[in-house]
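Report on the following structure.
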Amino acid sequence: HQCIQTWFCGELIPNSLAGQLPSPIPLTPTMSDHLVPSRRASGIRSFKVMDVVQRADKLARAGATIHHLEIGQPQSAAPQVTIRTAQEQLGKDRCGYTAARGEAPLRDALVAMYSTTYGVGVSPQRIHLTPGSSGAFTIAFMAAFDVGDAVAVPSSSYPCYTNLLVTYGCKVVALPVDKNYNVTAKELAAGQLARKEAGLPPIKGLILSSPANPTGAMLSPAELSELCDLCDNTGVQFISDELYHGITFEGAPRAATALEFTKKAIIINGFSKYYSMTGWRLGWIVVPDHLDAVVDALNQNMNVSAPTIAQRAAVAALSQEAKEELTEHVKKYAANRQVVIDGLHAMGIHQYAPPQGAFYMYVDLAEHGVTDSLTLCEALLVEAGVAMTPGVDFEQPGSGLGEKRVRISFPGSTEGVREAMNQFRLWWMSPNGLKHRSGNDANGRKRKACEAAEESS
């Protein structure tokens, strides 16, 4: 006779008992209609730059030539010594799971990096490896904040901060940036006072980056120190996003780590930007003692471990040999930055955040009458083949600021950036480009005068 077994709750049940199992509830069309996304996930906004990337890829597959100024991804490959190490490891090891914290050689190499670069000592036990810095954000938010907590972000900031915090049930408090597009202790203190006077719960956390995405703006070491002191003294969990450390330009302040000023902050960093390892998906988080156990448990349950091959290759990325190659990358970004600045000035555009670090220019087009950056960027992509990110990705909904701003990303080749800016200029001055600017600029000058000024620039 046939021996038939049935799966039930993860166990194999003999055929003789299968008839005693409860019958499945039939799934009727009416019931299936009630299968919908959770309320938590339904409200999340898309990451607009990835929407632009998807649209650009579709146009490229259809035969269009696309000039990329949208995504913050280095065109350069990872350092050659990193690639060689990965190839060697793939040839001799199965590269299975590691401990959730990550392999000791990489954590030890990061300890050495903090000592050499910043002059600070960090215990390797405080370092946890994650699948990209994005994996570190999710763990940090879940470890530090509860549903309903008020968490502050700069009003111009990386959109995933807000998107993820809202998804986790936090109340996002947008702190207006100063004239340099930074949030300092002054802005945080003003936000704290405003909430106190309004009878609202206090700010529980603050996350920001320096160098910043989308602005490239940076805090000085003194400003960062003051911010850390205020957070420590008022019970604010500070999360310092230091992903763009290593990419700074002449005249910028030193990129300090919050570890220089406090032991209570959460530090997030990764290998995507400076190390040109975006697709390797490797980040790290340095946590204070009071969060170490919960971060380890969350990492175990959510990620098991960061990619093993990436961990081993990253040790080589921290070597002196790799640094020499990476220094050349930063020189290229500096040249690209100048190409973008020169291109904007040739178009009569002079309003942008101070581009001190990272590889972004955050441009304010308000005085040129731009009021819908989303539509402008779509037209620029379709009509001129230039992919650029609308400012609505980086500003709080309803502020009206994102509609007047765009982010230009310049981590590609210098010639590629130059050609992209040339195509942007030609489109901007064309009838199609003029359609996306209102009849008057911010100072009330008529279109005709505006066009004449731009033609002479």
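The values are calculated or read from the model by the stated rules, or taken from the named source; none is laboratory data. The model shown is predicted, which means the values in this text are computed figures rather than measured ones. As a convention, Cβ positions derive from the backbone with ideal geometry for all residues, glycine included, and neighbour counts pool all protein chains shown. Ligands, DNA and RNA are excluded from the accessible area calculation, which covers all protein heavy atoms including side chains. Shrake-Rupley method; radii C 1.70, N 1.55, O 1.52, S 1.80 Å.
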Seminar exercise, completed: Counted residues in segment 229-240 being open to solvent by 10 Å² or more (accessible area, probe 1.4 Å), within 20 Å of VAL120 (Cα to Cα) and part of a strand (DSSP E or B) come to 0
Seminar exercise, completed: Per the list (1) in contact with a Leu (Cβ under 9 Å, 6 or more places away or on another chain); (2) not in a helix (DSSP H, G or I), residue check on GLN192 breaks on (2)
For this session: Look at segment 345-383 and say how many of its residues are in contact (Cβ under 8 Å) with a residue 40 or more places away in the chain, farther than 28 Å from SER220 by Cα and open to solvent by less than 20 Å² (accessible area, probe 1.4 Å).
Result: 10
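Could you say whether any residue in segment 176-183 is closer than 22 Å to ALA358 by Cα, outside any loop (DSSP other than H, G, I, E, B), among the aromatic types (Phe, Trp, Tyr) and at pLDDT 95 or above?
no
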Problem set entry | Residue satisfying condition, being surrounded by 24 or more Cβ atoms within 10 Å (Cβ to Cβ) and within 22 Å of ILE408 (Cβ to Cβ), within set GLY246, GLY251, GLY216 | GLY216
Exercise. Of all residues in segment 99-113 being more than 20 Å from VAL304 (Cα to Cα) and in contact with a strand residue (DSSP E or B) (Cβ under 8 Å, 6 or more places away or on another chain), which is surrounded by the most Cβ atoms within 10 Å (Cβ to Cβ)?
Worked result: LEU110
Exercise. Within the group HIS350, HIS329, which residue is outside any helix (DSSP H, G or I) and either modelled with pLDDT of 95 or more or closer than 21 Å to ASP108 by Cα (or both)?
Worked result: HIS350
Problem set entry | Residues located in segment 76-98, provided they are part of a loop (DSSP other than H, G, I, E, B) and surrounded by 15 or more Cβ atoms within 10 Å (Cβ to Cβ) | SER76, ALA78, PRO79, CYS95, THR98
Exercise. Regarding GLY205, is this residue under 19 Å from LYS273 (Cβ atoms) and buried (at least 18 other Cβ atoms within 10 Å of the Cβ)?
Worked result: no
Problem set entry | Filtered residue count, segment 34-67, keeping only those that are open to solvent by less than 100 Å² (accessible area, probe 1.4 Å), under 28 Å from ASN163 (Cβ atoms) and touching a Gly at 6+ places or on another chain (Cβ under 8 Å) | 4
